[in-house]
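Encoded as structure tokens, the structure appears first; notes follow it.
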Amino acid sequence: MLSLPPLSLYVHMPWCVRKCPYCDFNSHEHRGGPPPFAAYVDALLADLDHDLPLVWGRTVHSVFFGGGTPSLFPAEAIDRFLQGAAARLRFAPGCEITLETNPGTAEHGRFEDYRKAGVNRISFGIQTFDDEVLKRLGRIHDSGQADAAVKLAQDAGLDNLNLDLMYALPGQTLAMAEHDLQRAFALSPAHISHYQLTLEPNTVFAARPPQGLPDEDAAWDIQERGQALLADAGYAQYEISAYARPGRQCAHNLNYWRFGDYLGIGAGAHGKISLPRSDEAELGSPHASDRILRRWKLKHPAAYLAQAGTPAAIGGDEVIPAAQLPFEFMLNQLRLREAFPLDRFEARTGLSRAAIVAPLAEAEARGWLRIDGARVSPTDAGQRFANDAISLFLPTDDA
């Protein structure tokens, strides 16, 4: 039977100062004055009220403010939302609360107020410390502002910090990528995300690729060198692009990758909620069978603001078909380097492990997975060829 996994809360803040040419997230430049912060918090709380019946009685283990640029929002808006959310949901003791921050929007005094509001983790979108490359990426900050923003957060008593760094950037050499990591190490963050620039569909870079992108071999050299430098600096790789000091893995993202549940509120936010069959199954209740529901909200901020808290704000609802669940589970779980128990697959999908016996055996035969009794872990080759390993779990025509 399907069991209830840990629950997280994702809050999408859709506005940014400038849309980056590589960005495919639901972000919108706001012109003509500041965004309607107060109205948006009202909409978020109304949205949360509407979705509460899906998660009655459950505890929230992490909150993540993503965007867009959540750090555009003043601390009082974040505080009002968190107070409202805590009045509606049970927050676990020590609940991780992350705010994504653009170094170009960091101001003296804000971090102290964010911390007082309950934010205890900051994720900085730095991307690179090379000022010329930052310009090519369309970023609004420079390397000096990046350094200053991190130090402001540390001075405010926030020590659980992530730095986002991208590699294989336009004009970037191996030496430049190494320099980025050394600059990051000097700031002593708890966590570093190190991931390759990709040209996503429907972005400016996809339509007009920048000049000087490293080729595949050069990108692989940068990745391998980065992994070695991160390990030497005390950052253990626990996910394809995530590295952390001991005990500082991102709890929110770990819940995603372990196929946990998350409520998604805000413009364009996506959620995934497990709905196990109820005790009234014999009586023909609507919850007579296990279901895993995906729900997403209207993307455009104006439409979302007008409809939040009503069924019209839901962009779509989808029950994941049982045949798709092995792929959905592995798409997340195999991003992690950790071994996982097969009973996690059964608990998180409601399926028997027999549903994945054949693809597991195939992945083991190819050297991508290691099976030790009832535990499965990716090999180094499995991490490198993760997409190939995951594709083995796609539903077949006769599934």
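In terms of overall dimensions, the C-alpha atoms belonging to segment 1-131 reach 52, 30, 30 Å along their principal axes, ordered largest to smallest. Charge dipole (Cα centre; +1 on Lys/Arg Cβ, -1 on Asp/Glu Cβ; no other charges) of segment 296-399 amounts to roughly 400 debye.
Cysteines in the chain that lack a partner Cβ within the 4.7 Å cut-off: CYS16, CYS95, CYS250. Residues in segment 332-339 carry Karplus couplings, in order, of 8, 4, 7, 6, 8, 7, 5, 6 Hz; the curve used is 6.51 cos²θ - 1.76 cosθ + 1.60 with θ = phi - 60°, and Gly or Pro positions show x. Based on the Cβ-Cβ distance of GLU178 and THR198, what FRET efficiency does E = 1/(1 + (r/R0)^6) give at R0 = 22 Å, to the nearest 0.05? The pair GLU178/THR198 has a calculated efficiency of 0.60.
Each peptide in 219-232, 263-276 gets a packing score, the mean of other Cβ atoms within 10 Å over its residues, and the list from highest to lowest is 263-276, 219-232.
Within the straight-line cut-off of under 30 Å between alpha carbons, the lysines reachable from LYS151 are LYS19, LYS116, LYS135, sequence neighbours fewer than 8 places apart in one chain being disregarded. Site pair SER188 and GLU224 shows an inter-label distance of 3.3 nm when each label is modelled 7 Å from Cα along Cα→Cβ. Residues of segment 58-87 falling in the label zone of LYS116, defined by backbone nitrogen less than 11 Å from a point 7 Å along Cα to beta-carbon, are 75-76.
Equivalent-ellipsoid semi-axes for segment 322-399 (Cα gyration tensor, √(5λ), whole Å, largest first): 18, 14, 11.
Largest mean-square fluctuation among PRO70, PRO14, PRO35, in a Gaussian network model of the chain whose springs join Cα atoms under 10 Å apart, belongs to PRO35. If only the Cβ of Lys and Arg carry +1 and only the Cβ of Asp and Glu carry -1, the dipole of segment 7-254 around its Cα centre is close to 620 debye.
Estimated from helices alone, the mean residue ellipticity of the chain at 222 nm is -10000 deg cm²/dmol (sum of -39500 (n - 2.57) over DSSP H runs with n ≥ 4, per residue). Each of ASP217, ASP290 was scored by other Cβ atoms within 10 Å of its Cβ. Arranged with the fewest first, they read ASP217, ASP290. Taking each residue as 0.36 nm, the span from ALA206 to GLU338 lengthens on full extension beyond its C-alpha to C-alpha distance by 44.2 nm.
Near LEU213, the amide H atoms lying under 5 Å from its own belong to GLY171; only residues 5 or more places off or on other chains count, and H is placed 1.01 Å from N.
Across segment 181-233, the volume of the C-alpha convex hull divided among the residues equals 107 Å³ per residue.
Descending by average beta-carbon neighbour count within 10 Å, the peptides 121-131, 310-320 line up as 121-131, 310-320, the highest first.
The amide H of PHE91, built 1.01 Å from its N in the peptide plane, has VAL60 as neighbours under 5 Å, considering only residues 5 or more places off or on other chains. Calculated FRET efficiency, VAL357 to ALA381, Cβ-Cβ distance, R0 = 22 Å: about 0.55 to the nearest 0.05. Where both bridge residues fall in the chain, DSSP classifies roughly 40% of the beta bridges as antiparallel. Remark on the chain: hydrodynamic radius 22.4 angstrom, per the Kirkwood mean of 1/r across alpha carbon pairs. Look at the alpha carbon pairs under 8 Å that are at least 6 residues apart: their mean separation over the length of the chain gives a relative contact order of 18 percent. Other residues with beta-carbon under 13 Å from the beta-carbon of GLN249 carry, at +1 per Lys or Arg and -1 per Asp or Glu, a net charge of +3. Amide hydrogen proximity for GLN127: with H placed 1.01 Å from N in the peptide plane, the residues at 5 or more positions away or on another chain lying under 5 Å are ASP164, LEU165, MET166.
Here, each number is a calculation from the coordinates, and none is a lab measurement. These figures come from a predicted structure and were not determined experimentally. Heads up, the Cβs are rebuilt from the backbone with ideal geometry, glycines too, and the neighbour counts pull from every protein chain shown.
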